[in-house]
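The values are calculated or read from the model by the stated rules, or taken from the named source; none is laboratory data. Keep in mind it's a predicted model, so treat the numbers as computed, not measured. Cβ coordinates were reconstructed from backbone atoms using ideal geometry, including for glycine residues, and neighbour counts include every protein chain displayed.
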Amino acid sequence: MDVLELTGTWVDDAVRAVLLWTAIPSLLYFLAIAVQQGVLVLMGWIDVRASSARRDVLDLAETATAPVSMSLTVVMAAYNESAVIAESVRSVLALDYPDHEVVVVNDGSTDDTLEVLRRTYDLVPSDREVRPAGSLQVRGAVRGVLEARDPAVPLVVVDTENSGRADASNAGLAVSAKDLVVFFDADSVLDADALLLAVQPFLDDPLRVVCTGGNIRAVNGCRVVAGRVVEEGMPRPWLARLQVVEYLRAFSLGRAGWSRLGALMLVSGAFGVYRRDMLLEVGGFDADTIGEDFELTMSLHRWCRRRRRAYRLVFVAEPTCWTEVPESRAVLRRQRSRWHRGLWEVLWKHRGMLLNPRYGRIGMIGLPSFWLFELMAPLFELVGLALILLAMAVGAIDPVLALTALGISLGVGILVTVLAMLVEEGARRRRTTVADLGVMVLCAVVENLGYRQLTAVWRLQGWWQALRGSTASWGEMTRTGFATR
Amino acid sequence: MILPWLTPHLLVTVLVIVWLLVALTVAAILLSHAARVRTERSQHALDEAARPLVARFVLDDPADPGLRATLRDARGAFGDRVDERLLAVLEGITGEGRERTVALLVDRGHPARLRRRARSRRALIRAAAIRRLGRLALPADADLVRRATADRAPVVSSVAARALAAYPGAASAQAVLDLLRAGASVPQLVVVNSLIGQGEADEDALARIRQGLEDPEARVRAACAQVLGELTSTADAPLLGELLRRDPTAGVQLAAAGALRRVGRAGAVPALLEGTRSAWGPVRLQALQALLALPREVAAPALAEVARRGDPLLEPLLPRPADLPGS
């Protein structure tokens with residue numbers, strides 16, 4: 001079938017030549033992705049099951065009151081978060097944890113974030129100082145350090161000139177004085193027991209565990225009361241619904257699987273718990289990188305591997321952080337291109353670790369996989385799709401064969417997502433309705449028919465921005481505030 | 001043909017298999033969800049019926065004989081919920097109310113059922129049975145619970161370690177320490193809490209925990225140090241100080257420093273000062289926090305020395321020089 005009647009022309013020859021050279025690599029690439037996904041599904045399933053069994057054993061009420069714990073500072077970098085900051089801080093202060101303080105860094109907000117905090121928590125000047133130590137540096141000028149007048153409220157607010165999220169987090173780290181540090185976004189909410197669950201690996205193995213990451217889910221569509229998710233639900237906008245499914249797949253299978261393989265590559269900046277001494281050793285976040293959370297994770301790996309330290313980075317499936325996902329295409333586009341740009345920057349910065357046996361599984365498995373299946377994926381996906389369509393158009397391949405191959409690819413994508421849903425259902429963490437499950441299954445199908453391709457384009461834009469070296473900035477997002485949900 | 005073996009037949013077969021797997025997974029999700037919802041609804045309804053009866057039985061003094069008979073004779077799914085509610089209240093009551101509740105559970109034949117379930121092939125059923133036996137704390141089950149610490153499933157051995165807090169004594173403390181010695185994957189918190197409970201309740205258990213400080217296994221030494229710190233037995237401060245100075249394992253040093261933070265005395269200052277020089281950040285932090293927990297006049301020279309060293313990890317925690325006595 002030659003719909004464009006190009007048979008015998010130079011276009012036909014060119015397409016056939018490209019197909020000849022790319023057919024086997026493409027097939028191998030597809031098989032490699034399928035095998036990787038299969039391994040991650042299996043490992044993720046094992047990890048989530050182990051995590052659920054552990055939760056059965058742990059009595060969290062006992063944990064909350066037991067004297068055996070590690071003290072913890074929650075650092076929240078805030079830029080123009082006046083809509084949500086008071087509620088967010090309140091919910092973090094009220095978390096079940098025997099010894100924790102909250103440090104909010106107002107990163108030169110142009111709205112009244114600081115005023116809201118001052119009014120709500122009756123802030124007064126504090127004796128605490130921002131003291132960068134070790135390799136840690138803070139670039140933003142500190143305008144003041146405040147604390148709640150009531151000593152029973154363990155809240156410290158650092159007011160700085162605007163210097164970016166990573167630098168603001170470093171300022172929070174510099175003022176923190178507890179064993180562990182949690183970085184947390186102001187637009188997010190944590191489950192009440194999230195901290196207790198997230199610190200368990202540290203209690204079991206206090207010297208080897210350097211960092212733990214929790215589960216992240218979309219808060220859109222959920223009912224939030226007093227800073228807690230009291231009712232789970234699917235958001236109405238389809239863009240947000242598709243992200244719910246994406247997050248589910250990324251965390252339930254991706255992170256859990258990598259963690260089980262001993263090669264956790266990324267601890268999300270939205271909810272990660274770190275040993276403070278390790279953060280000071282690696283100098284905290286790199287303020288020049290957009291993907292600062294990914295960069296920090298890689299720095300921890302590099303630091304520990306270079307010194308031959310026995311260490312572990314652990315994903316804990318049980319503690320959950322709920323974060324607001326973009327509901328508009330423009331914001332989502334900015335977010336995805338920023339993420340991909342960050343990915344490119346970090347992978348390039350740490351290119352010396354790639355396929356370097358000195359870095360063990362990180363260098364030999366994790367990084368090659370990220371280069372091939374994360375960084376290059378949008379390029380391969382879009383080029384492959386274009387090539388298949390072109391080949392069909394010039395009659396270089398049998399349309400039935402091509403559509404069958406596309407059907408397999410679509411089916412594998414959907415299968416991975418529904419397996420993630422099955423794992424979640426088995427772990428009994430979500431309180432979903434049948435209707436929500438139906439919507440999620442539908443999303444698993446729909447996301448492959450346009451959404452994935454669209455995000456691939458945005459990710460390529462991020463790649464382009466990285467190559468051009470555009471300047472980094474906070475990813476601004478319109479907040480709706482939890483109370484309105 | 002570029003890939004001659006890639007026949008339409010092969011592709012269609014793969015396509016059918018993949019989509020069949022998708023359909024089966026979706027069906028499994030829906031079935032699992034339906035089963036969960038059904039179980040939860042049924043349990044909720046039965047709990048609603050059982051809860052007021054159990055509350056009345058526990059709170060009434062003396063108990064209504066008619067009510068006792070109703071609860072004793074409850075069978076089937078409702079009977080299971082009655083057992084669950086009775087076991088749940090055991091966590092929060094003591095004295096005569098507890099004895100009455102345990103007696104009712106014995107009359108209902110619940111311990112015998114639990115002992116049978118403790119031999120189940122499924123680890124989660126064994127774990128649930130051991131957990132409940134621990135709540136009942138009948139002396140006759142002490143050996144059974146102790147043996148369960150050697151269960152091949154970590155979830156069962158963990159639950160058994162926790163349950164042994166109800167059977168304090170040298171043998172129970174030993175069983176928990178053996179579990180650590182065997183390298184079992186038991187949450188540290190469970191082990192430590194069990195030993196704390198036992199050490200508080202029984203002198204022999206405490207003596208066994210003290211002996212554990214000299215155990216060849218580092219995990220055991222660390223757990224025992226941590227427990228002694230929680231039991232605030234200042235008599236153990238010299239031993240813990242010695243452990244901090246001499247133990248070759250960083251994990252044990254960390255536990256010893258953490259314990260000294262609670263039970264530290266002036267005599268521990270040299271060991272703590274040495275701890276602030278450790279190559280391991282967490283050990284240095286704990287040692288400094290232990291120094292800070294001592295009266296300022298006792299720790300001032302040591303704190304001044306730490307400040308002179310300019311350790312970036314410790315600096316944010318140090319008091320200002322002006323706040324130290326004698327400055």
field: Hey, A:Phe251 over 30 Å from A:Ala435 (Cα atoms) and either more than 20 Å from the chain's Cα centre (by Cα) or at pLDDT below 90 (or both) or not
entry: no
query: Does B:Glu96 satisfy being among the acidic types (Asp, Glu) and away from chain A (no Cβ under 14 Å)?
result: yes
- prompt: How many residues, within region B:168-207, are in contact (Cβ under 8 Å) with a residue 40 or more places away in the chain and away from every other protein chain (no Cβ under 14 Å)?
  reply: 1
query: If only one of B:Val283, B:Val227, B:Val220, B:Val269 is surrounded by fewer than 23 Cβ atoms within 10 Å (Cβ to Cβ), modelled with pLDDT of 90 or more and out of contact with any Phe, Trp or Tyr (no Cβ under 7 Å at 6 or more places or on another chain), which one is it?
result: B:Val269
field: Hey, A:Val138 crowded, with 20+ Cβ neighbours inside 10 Å, among the hydrophobic types (A, V, I, L, M, F, W, C) and more than 26 Å from the chain's Cα centre (by Cα) or not
entry: no
statement: Given the conditions (1) more than 14 Å from chain A (Cβ to nearest Cβ); (2) of a type outside the set (Val, Ile, Thr); (3) surrounded by fewer than 16 Cβ atoms within 10 Å (Cβ to Cβ); (4) closer than 23 Å to B:Ala129 by Cβ, every one holds for B:Gly79 apart from (3)
message: As an exercise: evaluate B:Ile209 against (1) over 16 Å from the mean Cα position of the chain (by Cα); (2) among the β-branched types (Val, Ile, Thr); (3) more than 20 Å from B:Leu244 (Cβ to Cβ) and give the number of the one condition it does not meet.
response: (3)
- request: Return the total of residues in region B:214-251 being outside any helix (DSSP H, G or I) and under 17 Å from B:Ala279 (Cβ atoms).
  value: 3
Region A:104-132, residues that are buried (at least 20 other Cβ atoms within 10 Å of the Cβ) and touching a Leu at 6+ places or on another chain (Cβ under 8 Å): A:Val104, A:Asn106, A:Leu117, A:Tyr121, A:Leu123
- prompt: Just to be sure, is B:Ser42 assigned to a helix (DSSP H, G or I), within 12 Å of chain A (Cβ to nearest Cβ) and of a type outside the set (A, V, I, L, M, F, W, C)?
  reply: no
field: Set B:Arg113, B:Arg126: member being over 16 Å from B:Leu86 (Cβ atoms) and of a type outside the set (Asp, Glu)
entry: B:Arg126
field: Single residue of B:Leu6, B:Leu10 found to be facing another protein chain (nearest Cβ under 10 Å), more than 30 Å from the chain's Cα centre (by Cα) and not in a helix (DSSP H, G or I)
entry: B:Leu6
Given (1) surrounded by 19 or more Cβ atoms within 10 Å (Cβ to Cβ); (2) within 20 Å of the chain's Cα centre (by Cα), index of the condition B:His110 fails: (2)
- prompt: In region B:155-167, is there at least one residue being away from every other protein chain (no Cβ under 14 Å) and surrounded by fewer than 17 Cβ atoms within 10 Å (Cβ to Cβ)?
  reply: no
query: Can you spot a residue in region B:64-85 that is at pLDDT 90 or above, among the hydrophobic types (A, V, I, L, M, F, W, C) and within 29 Å of B:Arg152 (Cα to Cα)?
result: no
message: I'm told A:Thr297 meets every condition in (1) closer than 27 Å to A:Ser91 by Cβ; (2) within 14 Å of chain B (Cβ to nearest Cβ); (3) at pLDDT 95 or above except one. Can you identify the failing condition by its number?
response: (2)
message: Checking the structure you have, find out if any residue of region A:351-370 is surrounded by fewer than 19 Cβ atoms within 10 Å (Cβ to Cβ) and either under 22 Å from A:Asn220 (Cα atoms) or of a type in the set (Phe, Trp, Tyr) (or both).
response: no
In region A:178-200, residue nearest to the chain's Cα centre (by Cα) [restricted to those that are within 13 Å of chain B (Cβ to nearest Cβ) and more than 22 Å from B:Leu314 (Cα to Cα)]: A:Leu197
1 or more residues among the polar types (S, T, N, Q): qualifying helices (runs of 4 or more DSSP H) within region A:356-472: A:399-427, A:452-468
query: Got a number for residues in region A:437-450 being within 11 Å of chain B (Cβ to nearest Cβ) and buried (at least 18 other Cβ atoms within 10 Å of the Cβ)?
result: 4
query: Is there a residue in region A:288-306 that is hydroxyl-bearing (Ser, Thr, Tyr), under 18 Å from the mean Cα position of the chain (by Cα) and assigned to a loop (DSSP other than H, G, I, E, B)?
result: yes
message: Tell me yes or no: at least one residue of region A:422-444 is among the acidic types (Asp, Glu) and more than 12 Å from B:Ile29 (Cβ to Cβ).
response: no
task: May I ask you to list the residues in region B:276-322 that are more than 14 Å from B:Gly264 (Cα to Cα), assigned to a helix (DSSP H, G or I) and at the interface with chain A (Cβ under 10 Å from one of its Cβ atoms)?
output: B:Gly281, B:Pro282, B:Val283, B:Arg284, B:Leu285, B:Glu315, B:Pro316, B:Leu317
field: Residues that are farther than 17 Å from A:Leu72 by Cβ and within 14 Å of another protein chain (Cβ to nearest Cβ), drawn from region A:148-177
entry: A:Val158, A:Asn170, A:Ala171
